Amino acid sequence: GTPQKYDPTFKGPIYDRGCTDIICCVLLVVAIVGYVVVGVVAWTHGDPRKVLHPTDSRGQFCGPQGTPNDSPPPQALRGLSPLPVCPPAPQICVSKCPDRYLTYLTASGNAASLEYYRNFCTPEYKGSQKAALNVLKDKECPAMLIPSTPLARRCFPAIQAKKGVIMVGNKTTYEDGWGNHRNVTELLEGAKKANVVLETRQLAMKIFEDYTVSWYWIIIGLVIAMAASLIFIVLLRFLAGIMVWVMIVMVILVLGYGIFHCYMEYAKLKGEAGSDVSLTDLGFQTDLRVYLHLRQTWLAFLIILCVLELVIVLLLIFLRKRILIAIALIKEASRAVGHVMSSLLFPLCTFFLLCLCIAYWASTAVFLSTSNEAVYKVFNESACPFSGQTCKPETFNTSNVTKLCPDAQCLFAFYGGETAYHKYLIVLQFFNVFMFFWLANFVIALGQVTLAGAFASYYWAFKKPDDMPAFPLFSAFGRALRYHTGSLAFGSLVLAIVQVIRVVLEYLDHRLKAAENKFAKFLLSCLKCCFWCLEKFIKFLNRNAYIMIAIYGTNFCTSARNAFFLLMRNIIRVAVLDKVTDFLFFLGKLLIVGSVGILAFFFFTQRIKLVQDTAPPLNYYWVPILTVIVGSYLIAHGFFSVYGMCVDTLFLCFLEDLERNDGSAEKPYFMSQDLRKLLKKTNKAQPEA
């Protein structure tokens with residue numbers, strides 16, 4: 001803590017500390033080791049090819065090397081998917097999609113057609129040795145072929161519209177292979193998703209083309225946004241007070257004009273027919289314009305605006321000093337950022353670590369979800385004691401099943417498994433989600449405590465910036481990892497538990513959407529609202545607890561308690577500072593994103609005559625414009641998040657400074673001269689060292 005006797009070599013409370021929350025640190029290390037083990041097990045058992053490649057009716061992949069269906073060229077293989085309007089057909093790996101209408105009953109009478117049809121049959125198919133109906137019954141070949149196009153390694157009907165008529169292969173009807181004639185519109189349902197995917201792919205290709213010709217202009221726009229954000233933060237040192245007071249005056253003037261307008265409308269309606277009807281007599285009207293013809297409506301507006309104007313003027317009278325303190329802290333934060341310029345780039349480190357967490361979680365989730373094995377079951381049409389039991393295709397023909405049930409087949413049923421690993425896959429997925437939230441919150445906490453430590457070293461430097469460490473950001477990062485990993489793990493664990501509960505509630509809400517139990521829906525909505533509020537409160541508490549950890553090096557619970565009660569003792573100052581900074585950040589983001597977005601709009605739509613020929617030709621001009629706008633917002637948000645952390649840190653340091661010090665030689669104030677002058681505080685002359 002702060003020493004009781006002044007020491008000229010003392011550089012603030014941030015350097016005296018020890019390890020905190022060691023148990024949570026050990027727990028985090030054990031959890032990370034377990035997470036790595038889960039990842040290794042998932043990568044051992046999982047197979048992402050199940051997501052990338054289609055399978056046939058036996059669960060075998062179509063195309064990749066090292067599989068039974070890797071006949072050349074493997075990249076051209078497509079799964080022939082049976083359509084829902086057709087009789088059940090086998091799903092087969094083919095080297096080329098069919099390009100004509102053909103039924104097996106028709107092809108079986110023609111050698112050339114049968115040879116072509118063989119390309120779309122299972123390996124068990126032996127040609128014309130078996131009767132045609134038995135071939136279809138045993139699902140060795142599909143009953144029909146339809147002209148198809150390849151999409152996402154699958155064959156879909158080649159649907160096209162000519163003069164408003166839906167056709168497939170220039171025909172409007174087809175034979176389904178069982179002697180029935182159907183309209184091609186019945187294929188639309190089966191190919192609807194394929195058309196959506198095809199249109200999406202075409203849109204994606206055009207967007208990609210736009211990016212290839214405009215990427216360097218997008219980068220220039222983002223650099224402009226970065227420069228504008230930096231300039232805005234620097235200018236806050238000089239313009240913060242002006243912007244805040246201009247905003248307050250504008251609010252007062254707008255309310256004043258509103259009062260004047262309401263009075264004029266109220267006076268204008270005097271004597272008009274029907275204007276004196278009371279609101280209670282009129283009742284509820286769906287056309288809200290009716291109310292604007294009543295004097296009572298404008299009188300109500302007039303009273304409300306007058307009350308608001310009076311409240312704001314009274315607040316300004318009583319809170320003017322606190323507003324001045326908030327402005328002074330914002331100016332001081334601008335100076336602090338100027339002395340720790342590397343802090344503006346630190347969010348890139350946090351972003352990189354978050355990307356690692358997301359990548360590990362996503363890859364582990366994919367491997368876990370694809371670690372099920374192909375399960376084969378016995379299918380038969382006659383009575384069989386082995387029906388529905390699992391089987392192995394390799395040994396099925398030599399087993400007793402075929403002897404007792406001659407018509408039985410060992411077919412692919414689904415992806416699953418009966419081992420202990422497969423039974424607990426859902427638990428591993430839950431652990432994967434939980435660890436993602438824990439590690440992501442830990443990374444964010446590490447960034448917050450690092451920035452807080454760097455800016456606290458600025459505040460608690462008695463002679464600014466001479467008493468600051470040479471590299472305040474790296475020093476704060478080292479202190480956070482060396483002493484407070486456990487405290488950061490504790491805070492992020494509490495937040496992760498609440499977030500996981502919210503995810504579970506969202507899942508339950510999704511599952512209960514079709515349910516008719518209104519009480520359950522109401523209860524679930526209440527729980528979602530409560531945990532949303534709890535998450536917001538914990539984030540607020542954690543942020544301030546991390547600042548106290550950076551300042552004093554106390555454990556998480558002590559820091560959270562001290563920060564909470566310190567803020568509660570100064571709740572009005574907290575509210576004023578919060579609203580002032582929110583306004584400035586909103587104004588800054590609006591100014592940066594709006595100006596850069598407008599500049600990008602005029603440039604990419606070729607409306608700037610000086611650079612009209614420089615703008616690239618585009619399919620969709622909104623692609624680079626939206627990219628620049630979103631990128632500018634993220635850049636501005638990154639800069640202002642650092643600035644916001646600086647303001648919060650200096651504010652807590654300022655409150656601690658006021659409570660712990662009195663300006664005496666033994667306990668001098670560490671605040672800047674501007675803040676001391678504003679509060680009419682002075683430091684007595686310090687004794688010589």
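Taken over the stretch 659-675, the residue count meeting the criterion of being in contact (Cβ under 8 Å) with a residue 12 or more places away in the chain, closer than 19 Å to Leu324 by Cα and not hydroxyl-bearing (Ser, Thr, Tyr) is 4.
If the condition is being open to solvent by 40 Å² or more (accessible area, probe 1.4 Å), touching a residue at least 12 places away in the same chain (Cβ under 8 Å) and hydrophobic (A, V, I, L, M, F, W, C), then the stretch 375-396 contributes Phe379, Phe386. Of everything listed in (1) touching a residue at least 24 places away in the same chain (Cβ under 8 Å); (2) surrounded by fewer than 16 Cβ atoms within 10 Å (Cβ to Cβ); (3) in a helix (DSSP H, G or I), the single unmet condition for Pro617 is (3). Among the residues of the stretch 367-394, those identified as among the acidic types (Asp, Glu) and either within 43 Å of the chain's Cα centre (by Cα) or over 13 Å from Ala408 (Cα atoms) (or both) are Glu373, Glu394.
Inside the stretch 284-339, residues that are more than 30 Å from Tyr458 (Cα to Cα) and free of Cβ contacts under 8 Å to residues at least 40 places away in the same chain make up a count of 26.
Residues are listed down the side, and each one gets a yes or a no for (1) under 30 Å from Leu634 (Cβ atoms); (2) hydroxyl-bearing (Ser, Thr, Tyr); (3) part of a helix (DSSP H, G or I); (4) open to solvent by less than 60 Å² (accessible area, probe 1.4 Å):
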| residue | (1), (2), (3), (4) |
| --- | --- |
| Tyr263 | no, yes, yes, no |
| Ile317 | no, no, yes, no |
| Leu324 | no, no, yes, no |
| Gly338 | yes, no, yes, yes |
| Thr350 | yes, yes, yes, yes |
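Considering the stretch 106-150, and only residues there that are open to solvent by less than 10 Å² (accessible area, probe 1.4 Å) and not in a loop (DSSP other than H, G, I, E, B), the residue that is modelled with the lowest pLDDT turns out to be Gly127. Exactly one residue among Leu425, Leu411, Leu439, Leu451 is out of contact with any strand residue (DSSP E or B) (no Cβ under 8 Å at 6 or more places or on another chain), closer than 30 Å to Phe379 by Cβ and either surrounded by 22 or more Cβ atoms within 10 Å (Cβ to Cβ) or of a type outside the set (D, E, K, R) (or both), and that residue is Leu425.
The values are calculated or read from the model by the stated rules, or taken from the named source; none is laboratory data. Keep in mind that what you see is a predicted model, and the values were worked out from it rather than measured. When we count neighbours, we look across all protein chains shown, and the Cβ atoms used for this are built from the backbone with ideal geometry, even at glycine. Surface accessibility is based on the protein's heavy atoms, side chains included, excluding ligands, DNA and RNA. Shrake-Rupley method; radii C 1.70, N 1.55, O 1.52, S 1.80 Å.
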